[in-house]
C-alpha cells in the first residue's frame, strides 16, 4: 500500500507545521511529502529542513500558474493542509482538490473569519468584543476565505484580556488537535 501524502502550505513561523512533523514522525502512514511556502525568509523553512521535508518557495505568479497545479496533481496528494498560510488558494486548485484542502483558523467560525482575520488580528477582535469563549476551527477550503464546511471546532473559556495570551492558549489546542483530525480525515479516505 502506498503511503498517503500530505502537502503543507505555510507562510510564517511554522509552529503548526512543527506539531504535524512531530505527530507523524514515527508514523508508517501518512507522510508529509513537502512544504509549500510563500515567504523565503519564513522560519518554517528551517523547521522543514530539520525534519528533512522538501520545500518549494512560491510567488503569486507560480501559485496561480497551470504548471503549479499540474505539479500538485502529478504528486498524487491525499491532503493539502494549510498551516498559517496567508494567501487565498486559487479557484483552480480548490476545484481540483475538492474536499482535500483543509485550513485551521483561530476562531469559532463563522465569527471572526474572512480576509485580514488571522493570528493576533482575530484575538484582538475577540477580546475587544468581550466574547466569553473562543477557540479554533478546522474546515475545508472553498473559494471564499474561511467559509468552507466545518470539520471540527474546539473552544475554551476566555480568562484573559491579553490577546497574546489568548493566542498562546488557542495555539496549544490547535497543535494538539490538528494532527489528530488530519489523521482521521486520511483514515476515512481508505
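Any read-out appearing in this document is the output of simple, stated calculations on the displayed coordinates, not a laboratory observation. Source: prediction; values computed, not measured. Glycine also receives a Cβ, built like all others from the backbone with ideal geometry; neighbour counts cover every protein chain displayed.
Tabulated data
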| quantity | calculated |
| --- | --- |
| Identity of the residue in the range 47-70, over 17 Å from the mean Cα position of the chain (by Cα) and surrounded by 13 or more Cβ atoms within 10 Å (Cβ to Cβ), that ends up farthest from residue 94 (Cα to Cα) | 51 |
| Scan of the range 139-149 for residues that are assigned to a loop (DSSP other than H, G, I, E, B) and either surrounded by 12 or more Cβ atoms within 10 Å (Cβ to Cβ) or in contact with a helix residue (DSSP H, G or I) (Cβ under 9 Å, 6 or more places away or on another chain) (or both), ordered by number | 141, 142, 143, 144, 145, 146, 147, 148 |
| Residue, surrounded by the most Cβ atoms within 10 Å (Cβ to Cβ), within the range 17-31, restricted to residues that are under 12 Å from residue 81 (Cβ atoms) and touching a helix residue (DSSP H, G or I) at 6+ places or on another chain (Cβ under 6 Å) | 17 |
| Candidates 32, 102 - the one that is touching a residue at least 40 places away in the same chain (Cβ under 8 Å), within 17 Å of residue 182 (Cβ to Cβ), within 17 Å of the chain's Cα centre (by Cα) and part of a strand (DSSP E or B) | 102 |
| Out of 131, 159, sole residue that is over 21 Å from residue 8 (Cβ atoms), in contact with a helix residue (DSSP H, G or I) (Cβ under 9 Å, 6 or more places away or on another chain), assigned to a loop (DSSP other than H, G, I, E, B) and without any contact (Cβ under 8 Å) to a residue 12 or more places away in the chain | 159 |
| Test: residue 42 is more than 20 Å from residue 142 (Cβ to Cβ), buried (at least 17 other Cβ atoms within 10 Å of the Cβ) and free of Cβ contacts under 8 Å to residues at least 60 places away in the same chain | yes |
| Matching residues in the range 73-99 - criterion: being surrounded by fewer than 17 Cβ atoms within 10 Å (Cβ to Cβ), out of contact with any helix residue (DSSP H, G or I) (no Cβ under 7 Å at 6 or more places or on another chain) and under 28 Å from residue 18 (Cβ atoms) | 74, 75, 76, 86, 88, 99 |
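Yes/no per residue for (1) loosely packed, with under 15 Cβ neighbours inside 10 Å; (2) more than 27 Å from residue 186 (Cα to Cα); (3) over 20 Å from the mean Cα position of the chain (by Cα):
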site	(1), (2), (3)
112	no, yes, no
126	no, yes, yes
132	yes, yes, yes
137	no, no, no
151	no, no, no
162	yes, yes, yes
172	yes, no, no
